[in-house]
Protein chains: 2
Amino acid sequence: MKWDEIDQQVCSVARALSVVGERWTLLILRDAFMGTRRFDKFQHNLGITRHRLSERLGKLVEQGVLTKVPYHDRPVRYEYRLTRKGLALYPVLMTLAQWGDEWMDGGEGAPIEYVHQSCGKRTQPVLTCSECNEPLKPENVSPQMGPVLKHYVAQLEGRGEAIPDMPALMRSAGE
Amino acid sequence: MKWDEIDQQVCSVARALSVVGERWTLLILRDAFMGTRRFDKFQHNLGITRHRLSERLGKLVEQGVLTKVPYHDRPVRYEYRLTRKGLALYPVLMTLAQWGDEWMDGGEGAPIEYVHQSCGKRTQPVLTCSECNEPLKPENVSPQMGPVLKHYVAQLEGRGEAIPDMPALMRSAGE
């Protein structure tokens, strides 16, 4: 399987990575969440080539994660703003940041601290269950097949074929 | 800045991506969370070259995300297991999966559903505040400089230099 085919997997992690899994893309989005909007500013802060930045921003616009909004008339100039789909990536960036804070801080403490304005306290993000509000831990969460995978497995069974494990299913269901 | 220098940024997102930001790495970890442990199984499920898989697994072992454990004596064969540092990436994978479920399902529903065994219900992960348990939203969370960035800004001020915005600070503080 090639990287640019991973969106064909019946897997939400693979599909998400088909949009945000390129080098630099999540750092572009980090900067966008910090308020960066203009091409030159992204370029200055990230220090990547204009060509690469342009390619990454273009893909994020195409995928509806960023939107291009004119901020100057003559000549027309655009800035990049997070859409609802883009803002919905906030938990991905916060969980990456938290993992980096905990495991990659080199003993120097978190580079950035977060204050939750609603309660006024310094906060850490906690991933919790939408139903009981308890923290979600891998040992207490069972993945189960959704409708598409169930349908695919029923087809395999109908043909008398062996049912592979979940990672293999997610891949082959998309082929 | 080159991609293999991003761990020098004073930024936990950049440091996290220096470990898990390569193509395929998060899909390898997805499979590990689903129970995959052996090289041939990873290779079969991901369909990437043995060379690339070996490089990715080697880096994850080197970074302490996976550990190699012998499961067969003669010849010695190893399997790969998530360490505590690796298990701590669970929220990153779950938030990616949830974003993919919400925004990339092509109208077919979530490929995989999650049951929280503690409460017995189908669950969605919610990112909440460690202090007040309310959901964390970007508009209600203020990033603030931690000790290292504060120290760096004090140095800039001491030299009478301009203080750049946060994304630029995170980059230049590591140079």
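Every number in this text was worked out from the coordinates using simple rules, so none of it is lab data. Computed from a predicted structure; not experimentally measured. Cβ placement follows ideal geometry from the backbone for every residue including glycine, while neighbour counts extend to all protein chains displayed.
Go through the stretch A:30-54 and give me each residue that's in contact with a strand residue (DSSP E or B) (Cβ under 8 Å, 6 or more places away or on another chain) and of a type in the set (A, V, I, L, M).
A:ALA32, A:MET34
Among (1) under 30 Å from B:GLU62 (Cα atoms); (2) within 7 Å of another protein chain (Cβ to nearest Cβ); (3) out of contact with any Ser or Thr (no Cβ under 9 Å at 6 or more places or on another chain), where does B:ARG84 come up short?
(2)
Condition first: more than 21 Å from the chain's Cα centre (by Cα) and either within 15 Å of B:SER18 (Cβ to Cβ) or β-branched (Val, Ile, Thr) (or both). Now tell me which residues in the stretch A:96-110 satisfy that. It would help to see each step written out before you state the result.
At the first step, the residues of the stretch A:96-110 found to be more than 21 Å from the chain's Cα centre (by Cα) are A:105-110.
A:ASP105, A:GLY106, listed by residue number.
Out of curiosity, is B:THR123 at the interface with chain A (Cβ under 7 Å from one of its Cβ atoms), within 30 Å of A:GLN8 (Cα to Cα) and out of contact with any helix residue (DSSP H, G or I) (no Cβ under 9 Å at 6 or more places or on another chain)? Break it down into steps so the answer makes sense when it comes.
Values: at the interface with chain A (Cβ under 7 Å from one of its Cβ atoms): yes; within 30 Å of A:GLN8 (Cα to Cα): yes; out of contact with any helix residue (DSSP H, G or I) (no Cβ under 9 Å at 6 or more places or on another chain): yes.
Against the criterion (at the interface with chain A (Cβ under 7 Å from one of its Cβ atoms), within 30 Å of A:GLN8 (Cα to Cα) and out of contact with any helix residue (DSSP H, G or I) (no Cβ under 9 Å at 6 or more places or on another chain)), B:THR123 qualifies.
Hey, any hits in the stretch A:128-136 for a residue that's under 21 Å from B:PRO125 (Cα atoms) and more than 7 Å from chain B (Cβ to nearest Cβ)?
Of all residues in the stretch A:128-136, those under 21 Å from B:PRO125 (Cα atoms) come to A:128-136.
From the residues that got through so far, the ones that are more than 7 Å from chain B (Cβ to nearest Cβ) too are A:135.
The answer is yes; a qualifying residue exists.
Name the one entry in B:ARG52, B:ARG56, B:ARG30 that is at the interface with chain A (Cβ under 8 Å from one of its Cβ atoms), touching a residue at least 24 places away in the same chain (Cβ under 8 Å) and in a helix (DSSP H, G or I). Before you say what the answer is, go through the steps one by one.
Details: B:ARG52 fails: at the interface with chain A (Cβ under 8 Å from one of its Cβ atoms); B:ARG56 fails: at the interface with chain A (Cβ under 8 Å from one of its Cβ atoms).
When all the criteria are applied, what remains is B:ARG30.
For the stretch B:59-70, give me the residue count where each residue is exposed (fewer than 14 other Cβ atoms within 10 Å of the Cβ) and either in contact (Cβ under 8 Å) with a residue 24 or more places away in the chain or of a type in the set (A, V, I, L, M, F, W, C) (or both).
Number satisfying all stated conditions: 1.
Give the residues of the stretch A:90-128 that are of a type in the set (A, V, I, L, M, F, W, C), touching a strand residue (DSSP E or B) at 6+ places or on another chain (Cβ under 8 Å) and touching a residue at least 12 places away in the same chain (Cβ under 8 Å), sorted by residue number.
Taking the stretch A:90-128 as the starting set, the residues that turn out to be of a type in the set (A, V, I, L, M, F, W, C) are A:92-94, A:96-97, A:99, A:103-104, A:110, A:112, A:115, A:119, A:126-127.
Cutting the leftovers down to touching a strand residue (DSSP E or B) at 6+ places or on another chain (Cβ under 8 Å) gives us A:94, A:97, A:112, A:115, A:119, A:126-127.
Within the stretch A:90-128, A:MET94, A:ALA97, A:ILE112, A:LEU127 qualify.
All but one of (1) over 23 Å from B:TYR152 (Cα atoms); (2) aliphatic (A, V, I, L, M); (3) facing chain B (nearest Cβ under 7 Å) hold for A:ALA97; state the number of the condition that does not hold.
Unmet condition: (1).
Considering the stretch B:1-27 alone, what residues qualify as being of a type in the set (Lys, Arg) and facing chain A (nearest Cβ under 7 Å)? Show your work before the answer.
Restricting attention to the stretch B:1-27, the residues satisfying the condition of being of a type in the set (Lys, Arg) are B:2, B:15, B:23.
Passing the criteria: B:ARG15, B:ARG23.
Can you find a residue that is among the hydroxyl-bearing types (Ser, Thr, Tyr) and either under 21 Å from A:LEU29 (Cα atoms) or without any contact (Cβ under 8 Å) to a residue 60 or more places away in the chain (or both) anywhere in the stretch B:131-146?
To start, the set of residues in the stretch B:131-146 that are among the hydroxyl-bearing types (Ser, Thr, Tyr) comprises B:142.
Now narrow it down to the ones that are either under 21 Å from A:LEU29 (Cα atoms) or without any contact (Cβ under 8 Å) to a residue 60 or more places away in the chain (or both): B:142.
The answer is yes; a qualifying residue exists.
I'm trying to understand the selection: among the residues of the stretch B:147-175, which are touching a residue at least 24 places away in the same chain (Cβ under 8 Å), closer than 18 Å to A:LEU27 by Cβ and more than 23 Å from the chain's Cα centre (by Cα)?
Initially, the stretch B:147-175 is screened for residues touching a residue at least 24 places away in the same chain (Cβ under 8 Å), giving B:148-149, B:152, B:169-171, B:173-175.
Next, from what is left, pick out any that are closer than 18 Å to A:LEU27 by Cβ: B:149, B:169-171, B:173-175.
B:GLU175 - this is the single residue of the stretch B:147-175 that is touching a residue at least 24 places away in the same chain (Cβ under 8 Å), closer than 18 Å to A:LEU27 by Cβ and more than 23 Å from the chain's Cα centre (by Cα).
If you take the residues in the stretch B:59-78 that are assigned to a strand (DSSP E or B) and among the basic types (Lys, Arg), which one is farthest from B:LEU27 (Cα to Cα)?
Going through the stretch B:59-78, the residues assigned to a strand (DSSP E or B) turn out to be B:66-72, B:77-78.
Restricting the remaining residues to those that are among the basic types (Lys, Arg) gives B:68, B:77.
Numbers: B:LYS68: 18, B:ARG77: 23 Å.
Restricting to residues being assigned to a strand (DSSP E or B) and among the basic types (Lys, Arg), the top hit is B:ARG77.
Scan the stretch A:33-49 for residues that are in a helix (DSSP H, G or I) and among the charged types (D, E, K, R) and report the count.
Narrowing the stretch A:33-49 to residues in a helix (DSSP H, G or I): A:33, A:39-46.
Still in the list and also among the charged types (D, E, K, R): A:40-41.
Residues that pass the stated criteria total 2.
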